[in-house]
Amino acid sequence: MTKDYLKNTTRYSPFDFEEKIYNYWIPYFKPSPNKRKTFIILIAPPNVTGSLHMGHTLQNIILDIIARWKRMSGFNVVWLPGTDHAGIATQNVVEKELKKEGLTRFDLGREKFIQRVWEWTHKYGGIILEQFKKLGLSLDWSRKKFTLDKKYVKWVEEAFIRYYRDGLVYRDLRPVNFCPRCQSSLSDLEVEAKEKEDVMYYIKYPLKDGGFISIATTRPETMLGDTALAVNPKDERWVELIGKIAILPIVKRELKIVSDLRVDPKFGTGILKVTPAHSLIDYEIALRHSLEMISVIDEKAKMNENAGEYKGLNYLEARSKIVENLRSQNLIEKEEKIVHSVPHCSRCGTELQVIPSYEWFVKMDKLAKLAYNAVKTKKVNIIPPRFKKPYFDWLKNIRDWCISRKIWWGQEIPVWFCKNCGEKSYVVSIKKPTKACKICKKKNWEKTKEVFDTWFSSALWPFAILYTKEEKKWYPADLVATARDILQLWIARMIFCGIYFMKKPPFKTVFVHPTVLTKEGKRMSKSLGTGIDPLDLIQKYGTDALRFGLMWQLSTHQDLRFDETPIDQGQKFLNKIWNAYRFYVLTKEKIGNQNKKELSKEDKRILKLLQKTKKTVFKNLNNFEIGLALKNLYKFFWREVCDKYLESWKGETKNNITVLEKIMLDSLKLLHPFLPHITQVIYFALGYKKPLFYEKLND
RNA sequence: GGGCGAGUAGCUCAACUGGUUAGAGCGUCGGCUUGACGUGCCGAAGGUUAGAGGUUCGAGUCCUCUCUCGCCCACCA
């Protein structure tokens, strides 16, 4: 990387330099201890088993540009890499791997399976971070974090215990979304609604006093668990039914007809069958009317002992048998095909069941208020501001958070159950309890097999990685960037956890960046084959060109329909930059001591434009208008510096060499956050020895 | 069902709080270039800014309605 190399090479080749330059930088990415002003960026930890996609790429390039720019503006930048153990997601990846060997996790058993996931994690868990390096990210590699690090795990246990002591965590038997394949409960946010065609059955329920009423349902099999019927008191058609008794067909149970505002008169016949065990809305109604909860479906989506003659049947088999039975009694009034949305597991796509299960919940009312107020009072800024609305809406209508999972991979909940008494007797404690069970007076404790929702653990990420002795208490952070679908899942939860445990919100600014879509405007997805691998692009164009191409397309308010041509444009720009500096070196040599003392018209013009460009670029970076900032620079450097100013150096010189030097050095610095590798290479070629991001940008 | 966003040159996008002939890049076409540039430079063509109505001296920009697309959220049994 000498001056001669620059002079003699007419084309910049990223592949000769990018990796070497990156390795050179690594030690300098550490925050320096002697600077006072810090700027702390919080990374969104990718899943350990993940591999780089466009979302990570866009998000982290944005952050890297900010990080480098902040460093060059005099800040001590803290940005730590890390990964998330990602409970269900990771477990599913390993299960798929097992499937290839013809095995399920049940064949291995819990312990061996967990061991297997650890092996997988050790073998492949570092890949995603290695891929992050290829993007040129200025992360502090001396401080890698993982959500199952010893210290991290401790934070999670302590948080749970603190919630428990404060009465914010409780255990309850209630219907939850349950995935029959993953064999676990899920939180509301892990449920994905999918459109599906089904049959709506109108079933006649006899009234005790004679006559029939009809009830619409797509799930006749759940009727075995009906414990009431409900109508809306405002529905004039049915008010007179309130208080009357109907007879549940097949089971012959008497059902009281209750009045509840949650019943939608426009749906079906306006009469709702209340099945508290298998419907969340019905459960709410049941609480209000003290109704019994009878579960008829088990966690494998099979009918249980309460289903009488249907016991053991899969719910779909049971459905058709029940419909058959009803038909034979002439109790089906009508059947119609409908399309409606049905909850599926967001991780494996299986249709979910709502079944009652003992789970741990976090009470959300107080915590939601904390998160709400932090944004309302602008202690946390969400940019662009329009994303505040979904954030507020979510917090306003929130239900308690189910934080236990019955999967195997994850952090165990610090709870001990009495082997003899089971559900009736448990102790919340990190260590095995020494006291005796209150019921059986024995000390026969066994740790629960349940693990935490992975988001319970990642909600603590900001202080678990930033607030430790060796990390110099870098809490709170200044900035976090996120895709918008993570706003509730992660951002909101970090905010209330941060305030609850640390008394301060975990960051000041949340930047919600655009989603990378395909050129057709569709979501990029591996399974649909519409994804583009950023690594392929790097191999084809180099990192700087990719960074240019992506940022060129970035605007704050519109999703990005990914187009490859700007990357090509980036490659040309790199070559233009390279040759501009060649010309600069050659010109300097040629001019020697024929320098002019005064400033020419061109000198003055370009200096003025430089100041103006700096101002707009900084303003745009401040507003996360990265695409605009890059365009400002592109135009300035190519159209003004190259096409006009450098051209004016050809022929008899009337310009001042010190101006040329300033323009070329300042341009290099300005370009560095966006195109870090090439600018560093040129910087070395010009004879400088430092990382370019150690230079001051705004003098 | 609710919310948000977008529909501007062939393609991907700009145009700050409404203000002169609506701008870039790529693509197309025509020239030029052996004192940096596998290229570069100069220039041209190309748009009733989705549609309809309204406010205004003036609207891509504000209001209303319609259409199309996308995303997020939602316990419609």
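The values are calculated or read from the model by the stated rules, or taken from the named source; none is laboratory data. No experiment lies behind these values; they were computed from the predicted model shown. Positions of Cβ are generated from backbone atoms using ideal geometry, with glycine treated the same way; all protein chains shown enter the neighbour counts. Just the protein is used for accessible areas: all its heavy atoms, side chains included, with ligands, DNA and RNA removed. Shrake-Rupley method; radii C 1.70, N 1.55, O 1.52, S 1.80 Å.
Considering every pair of different Cα atoms, what Kirkwood radius, in Å, is found for the range A:195-341?
On the way: mean 1/r = 0.0649 Å⁻¹.
Its Kirkwood hydrodynamic radius stands at 15.4 Å.
Take the Cα atoms of the range A:620-699, find their three principal axes, and give me the spread along each one in whole Å, biggest first.
Each principal axis gives a Cα extent; for the range A:620-699 these are 42, 30, 22 Å.
Test of understanding: express the Cα radius of gyration of the range A:439-590 as a ratio to 2.2 N^0.38 Å, with N the residue count. It would help to have the intermediate numbers written out before the result.
Values: Rg = 23.8 Å, N = 152, 2.2 N^0.38 = 14.8 Å.
Taking N as the residue count of the range A:439-590, the ratio is 1.60.
Tell me which DSSP H helices of chain A clear both cut-offs, 18 Å or more of axial length from alpha-carbon atoms and a mean Kyte-Doolittle hydropathy of at least -0.5.
A:54-72, A:657-671
How about the range A:223-305: which trypsin sites (Lys or Arg not before Pro) there are in a DSSP loop, with at most 13 other Cβ atoms within 10 Å of their Cβ?
A:LYS234, A:ARG237, A:LYS252, A:ARG262, A:LYS266
Pop the C-beta distance of A:VAL199 and A:ASP563 into the FRET formula with R0 = 60 Å and round what comes out to the nearest 0.05.
Computed FRET efficiency for A:VAL199 and A:ASP563 comes out at 0.85.
Taking Cα centroids, how far is the range A:433-449 from the range A:637-699 in Å?
After rounding, the separation between the Cα centres reads 72 Å.
Which semi-axis lengths, in whole Å and largest first, follow from the square roots of five times the eigenvalues of the Cα gyration tensor of the range A:505-574?
Output for the range A:505-574: semi-axes of 22, 18, 12 Å.
How large is the Rg to Rh ratio of the range A:323-393 when both quantities use alpha carbon positions and Rh follows Kirkwood?
Rg divided by Rh gives 1.25.
Just the Cα atoms of the range A:40-104: what Rg and Dmax do they give in Å?
For the range A:40-104, the Cα radius of gyration and maximum Cα-Cα distance read 16.9, 57 Å.
Please work out, to two decimal places, the log10 of the ratio I(q)/I(0) at q = 0.15, 0.18 Å⁻¹ from a Debye calculation in which every Cα of the range A:375-448 carries one identical scatterer.
Reported log10 I(q)/I(0), two decimals: -0.67, -0.76.
Compute the separation of the alpha-carbon centres of the range A:1-79 and the range A:189-243 and state it in Å as a whole number.
Each part reduced to its Cα centre gives a spacing of 60 Å.
Take the alpha-carbon positions of chain A, form their convex hull, and give its projected area averaged over all directions (one quarter of the hull surface) in nm².
Answer in nm², one decimal: 37.0.
Could you tell me which residue out of A:PRO414, A:THR38, A:THR218 lies farthest along the dipole of chain A toward its positive end? Charges go on the beta carbon: Lys and Arg +1, Asp and Glu -1, centred on the Cα centre.
A:THR38
Simple spin-label model, 7 Å along Cα-to-Cβ: A:LYS608 to A:CYS421 in nm?
Taking the simple label geometry, A:LYS608 and A:CYS421 are separated by 8.6 nm.
Would you mind computing, in nm to one decimal, how far apart the modelled labels at A:MET364 and A:HIS122 are, each placed 7 Å from Cα along Cα→Cβ?
3.9 nm
Quick one: order A:LYS369, A:LYS204, A:LYS614 from most to least accessible surface, probe 1.4 Å.
Correct descending sequence by accessible area is A:LYS369, A:LYS204, A:LYS614.
What FRET efficiency do you get for A:GLU317 and A:THR616 if R0 is 51 Å and r is their Cβ-Cβ distance, rounded to the nearest 0.05? Display every interim value, and only then the final one.
Numbers: r = 67 Å, r/R0 = 1.32.
Result of the calculation: an efficiency of 0.15.
Figure the gain on full extension for A:ASP485 and A:LYS447 (residue separation times 0.36 nm, minus the Cα-Cα span) and round it to one decimal in nm.
Using 0.36 nm per residue and subtracting the Cα-Cα distance, I get 10.2 nm.
Restricting attention to the alpha-carbon atoms of the range A:548-667, what are Rg (one decimal) and Dmax (integer), both in Å?
Both quantities, over Cα of the range A:548-667: 16.3, 53 Å.
Which chymotrypsin sites (Phe, Trp or Tyr not before Pro) in the range A:260-360 pass both tests, a DSSP loop state and at most 15 other beta-carbon atoms within 10 Å?
A:PHE267
What is the P(r) of the range A:581-650, as percent of Cα-Cα pairs per 10 Å bin from 0?
Cα pair-distance distribution for the range A:581-650, in percent: 18, 42, 28, 11, 1.
Rg to Rh for the range A:452-541: what is it, with Cα atoms only and Rh by Kirkwood? The partial results should precede the final answer.
Numbers: Rg = 16.9 Å, Rh = 15.3 Å.
My calculation puts Rg/Rh at 1.10.
What percent do you get for the relative contact order of the range A:195-329 when only Cα pairs under 8 Å and 6+ apart count?
In percent, rounded to a whole number, it is 22.
I need the calculated FRET efficiency for the pair A:GLU520 and A:GLU324, taking r as the beta carbon distance and R₀ as 45 Å, to the nearest 0.05.
So, using R0 = 45 Å, E works out to roughly 0.50.
Could I get the Rg over Rh figure for the range A:288-432? Both from C-alpha atoms, Rh via Kirkwood, rounded to two places. Can you show the working numbers first?
Working: Rg = 22.0 Å, Rh = 20.4 Å.
Expressed as Rg/Rh, it is 1.07.
So what is log10(I(q)/I(0)) for the range A:63-194 at q = 0.09, 0.14, 0.19, 0.21 1/Å, when the Debye sum runs over its Cα atoms only?
With one equal scatterer per Cα and no solvent, log10 I(q)/I(0) is -0.44, -0.96, -1.23, -1.28.
Return a whole-number percent for the relative contact order of the range A:610-695, with Cα pairs under 8 Å and 6 or more residues apart as the contact set.
21 percent
Per 0.36 nm of contour for each residue apart, how much would the distance between A:ILE338 and A:ASN623 grow if the chain were fully extended, relative to their Cα-Cα spacing?
Gain on stretching A:ILE338 to A:ASN623: 97.9 nm.
Given DSSP loops and a limit of at most 15 other Cβ atoms within 10 Å, what is the longest stretch of chain A that contains no such GluC sites (Glu not before Pro)?
Details: sites that count: A:GLU101, A:GLU236, A:GLU292, A:GLU470, A:GLU520, A:GLU564, A:GLU598, A:GLU652.
The answer is A:293-469.
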